[in-house]
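Any read-out appearing in this document is the output of simple, stated calculations on the displayed coordinates, not a laboratory observation. Worth saying up front: this structure is predicted, and the values here are computed from it rather than measured. Positions of Cβ are generated from backbone atoms using ideal geometry, with glycine treated the same way; all protein chains shown enter the neighbour counts.
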Amino acid sequence: MRRRAKRFTAAWAAAALLCAAGLNAQSGVHAASPEVSGEALAHAAESGTRTIVSAVNVRDSLVAQYGSPVIDGEIDPVWDKARIVEARHASGDTRASAAFRALWDDHALYILAEVTDGSLSMESPLPYEQDSVEIFLDENRDKTKEFGVDDLQFRVNFANVQTIDKGDGSRFYTATRLTDDGYIVEARISLKNKPDNGTVSGIELQVNDAEGAGRIGTLNVFDPTGGAWDDTGLFGEIFFTGKKRGDKSGLNPYDLLNLMKRALSIDYSLYKNPGVVKDAILQVAAANLLGSADVTQEQIDEQYAMLAEAIDALEMTEEAANEKYFTPLPVEYLALSDKPGSIERLSYRTANPDGGMDTKYVNVYLPHGYDASDKNTRYNVLYLMHGMGENENLLFGGPGENRSLKKILDNMMANGDIEPLIVVTPTFYGGKGDIAVFHEELLQDIIPLVETKYNTYAKSASLQDLKASRAHRAFGGFSMGSATTWHIFAHCLDYIKYYMPLSGAGFGLGGSGDAAQTAEFLADVVRKSGYEPHEYYIFSAAGTQDFAYPGLHDQIEAMRQLSDVFPYSSDPAKGNLYFIAGEGGTHTWYWQNQFIYNILPDLFKGES
């Protein structure tokens, strides 16, 4: 089989060092049979024959042929065997067009996108409103509405800037190239399970068409509704075929390249022993520059292991340890737990601006083993608010549902990461419909309803008893729910000790919205309250690719300067404020759930 060698380059810290690895773009047959049925596809896969089929012969299916291209933005001859499928569902005012091809090998799925678009833009701070390609994958083809442990949503724009909405970004490697009439994306997604002829996964491919600072339309291969970002059941299917006896995968340097990218992004000033990683980087570079041109996969894997071990050996300085760092959610925490909690739905009446009353609802998560008759076991309560355009049902669903956040809560409690607690999801819609006064509804209606019905630390619904139990109460929220959280802090410090604002600054507080003014306003609230720094806590987070990141980050930094009120530390025993920056994180619940996983262990420490 004819092979073609290429060399990869990577920039090393403070110097341009080549990291060369001999790679082979695996070639194969370039012919295609005309019309082949689904049965013929299955037979071809089982027998390992050379049958090649059109990517659009099987309804709602894309056919991936066996082969390992080099991911460098150039179209290797191996792509010739992959039949072209065009994005057939357009929305908005898009004037772009796109054609896709797919290949696979024993370790990964490869996607080639050729986008025709005469006007490219990445002006918008929202990644999905930039000219970009999105890949959605349901590896196990579960077709669940909610994304599961095997599902992902990756995005890369024409300038090769990646954003990860769902899934492990280390599995994603891309290269892009501008063309005379648009751009090309080559993408590699490492697979969790080794595929074979006949493997079928769920997939959707989408092009975002931007103009100026906004998205004017989208192109999709399978989904005509535009809802694939929220429902894997809308995906089409990709059928793996074409592997013949004796076929082997090409080299995989991509995991190593992604690890090198991570190594290059490390701020070494935060560590006592940066030399362990710098030496490992030099060893990898030397091995490729001075070694044989015929690099083997075993050598690449050894270099990966060496560099990964060096990164793990880094020791933080005392100052750096003061920061709170993002820890990815274990994927197994998105699986069903054998100790599941339950969800109940409560209704209540609350005042609206017209002088009348509205009926509203909250969902209440009760931990596994909750026993209403056991009055001696009491529970802390977290009130968790949704974002704009959402409602109380979105976060972990209603009775009988098992959405991601519920699975995370179940698994964290089952594994002893946190003590069992009650979680309540209210909504700011309905009632007075104003986050600036939502604290009134919270104190008058929601907290009394919840904490007198369930076994909590509140002896009664009186304000005196709610104040006495403030150490067992937390409030948090995402986006507009985060803004609500800042307003709750300003008005409910007597009744709530812990706050978790995610991806949203405290706009509307302190006048102009300037970060320094907001920080001073919040500090003034605390000073007037008389509480000491160890009597209130704010644990905040946002993703670095989130449009809300700059505003929230700046506000936290301004608060950090007011160290008499907001001493900053990752250790709640030393401070009452920290901020987690999720690298590459976007304005999605996938990332908020991860932040919640990171912060929950710090809520209610020592309060039981």
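See the values below:
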read-out: Ordering of 118-127, 371-380 by burial proxy (mean other Cβ atoms within 10 Å per residue, highest first); value: 118-127, 371-380
read-out: Nearest-0.05 FRET efficiency for Ile84 and Thr544, computed from C-beta distance (R0 35 Å); value: 0.50
read-out: Contour minus Cα-Cα distance for Asn322 and Asp267 (0.36 nm per residue); value: 18.3 nm
read-out: Net length gained if the chain between Glu315 and Glu532 were fully extended (0.36 nm per residue, minus Cα distance); value: 74.9 nm
read-out: Spatially proximal lysines relative to Lys244 (Cα-Cα < 30 Å; intrachain offsets below 8 disregarded); value: Lys6, Lys81, Lys143, Lys192, Lys194
read-out: Value of Rg/Rh across the chain [Cα atoms, Kirkwood radius]; value: 1.00
read-out: Computed label-point distance, nm, for sites Asp181 and Glu583 using a 7 Å Cα→Cβ extension; value: 3.9 nm
read-out: Theoretical FRET efficiency, 1/(1+(r/R0)^6), r = Cβ-Cβ of Asp494 and Gln297, R0 60 Å, to 0.05; value: 0.45
read-out: Under 20 Å from the Asn391 label point (7 Å along Cα→beta-carbon), backbone N, the stretch 307-349; value: 343-349
read-out: Segment Ala99-Ala468, extension gain: residue separation times 0.36 nm, minus the distance between their alpha carbons; value: 126.5 nm
read-out: Mean separation of Cα contacts under 8 Å, 6 or more apart, over the residue count of the chain: relative contact order %; value: 11 percent
read-out: Ala516-Ala305 FRET efficiency (beta carbon distance; Förster radius 51 Å; 0.05 resolution); value: 0.60
read-out: Spatial separation of Cα centroids for the stretch 538-566 and the stretch 494-512, in angstrom; value: 11 Å
